[in-house]
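See below for the structure under consideration.
The values are calculated or read from the model by the stated rules, or taken from the named source; none is laboratory data. Since the model is a prediction, treat every value here as computed from it, not as a measurement. Here the Cβ positions follow ideal geometry from the backbone for every residue, glycine too, while neighbour counts run over all protein chains shown. Each accessible area value is taken on the protein alone, full model and side chains, heavy atoms only, with ligands, DNA and RNA left out. Shrake-Rupley method; radii C 1.70, N 1.55, O 1.52, S 1.80 Å.
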Amino acid sequence: LDIGSGQHKLLIAVVDAASGTIVRKVHGEQRQVLLNHDLVQNAAAGRSELSEAALAASRAVLEAFRALAVEAGATQFAGVATAVFRRAQNGEAYLDRINGELGLGLRIVSQASEGELGYLSACSGLPPPPPSDVEPLVAWDSGGGSFQISARVGGALCVWEGPVGDSNV
């Protein structure tokens, strides 16, 4: 699960536990949940938190995603929460509640980790072998609350971060 500032994304996959690689993608989907838009509106009114209405919309999507995953045979859940949860005062408490009630294993990741995951996701969509410095790959992740550009430079994965997302302008 990728719980972002403007979209909630689901990927159901068969994963090789030893290597951590995706063996087969079973189902993927995304649904719009404009959390960052809600946070920006609330911040203008002096509240740096997500509204109950926005959190209810998020929960409805997460419940639907969990049901789809269980129906597809998923036995384990994991996910990341991004920029809006790093900024919202009630973001971590919401995730704690959802994790306790739905068992989704969601965790807030840093913007650098978000960029690294974006790069790895881009690589997973390419045929083997993975890109090297000889065959450069640049991954651009522009979400509702932040953006990252990631590339392998001199053997190291570099992430450039920005605060601008399409709901922040």
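The C-beta contact set for segment 46-67 (first residue in contact (Cβ under 8 Å) with a residue 24 or more places away in the chain, second residue part of a helix (DSSP H, G or I) and aromatic (Phe, Trp, Tyr), distance under 8 angstrom, 6+ apart or interchain) comprises Leu50/Tyr94; Leu55/Tyr94; Ser58/Tyr94.
The set of residues in segment 128-169 being of a type in the set (Asp, Glu), modelled with pLDDT under 70 and closer than 17 Å to Arg87 by Cα consists of Asp166 alone.
Taking each residue of segment 9-31 that is closer than 11 Å to Ala72 by Cβ and looking for partners that are of a type in the set (Ser, Thr, Tyr) and open to solvent by 60 Å² or more (accessible area, probe 1.4 Å) with beta-carbon atoms closer than 7 Å, six or more apart or interchain, yields nothing.
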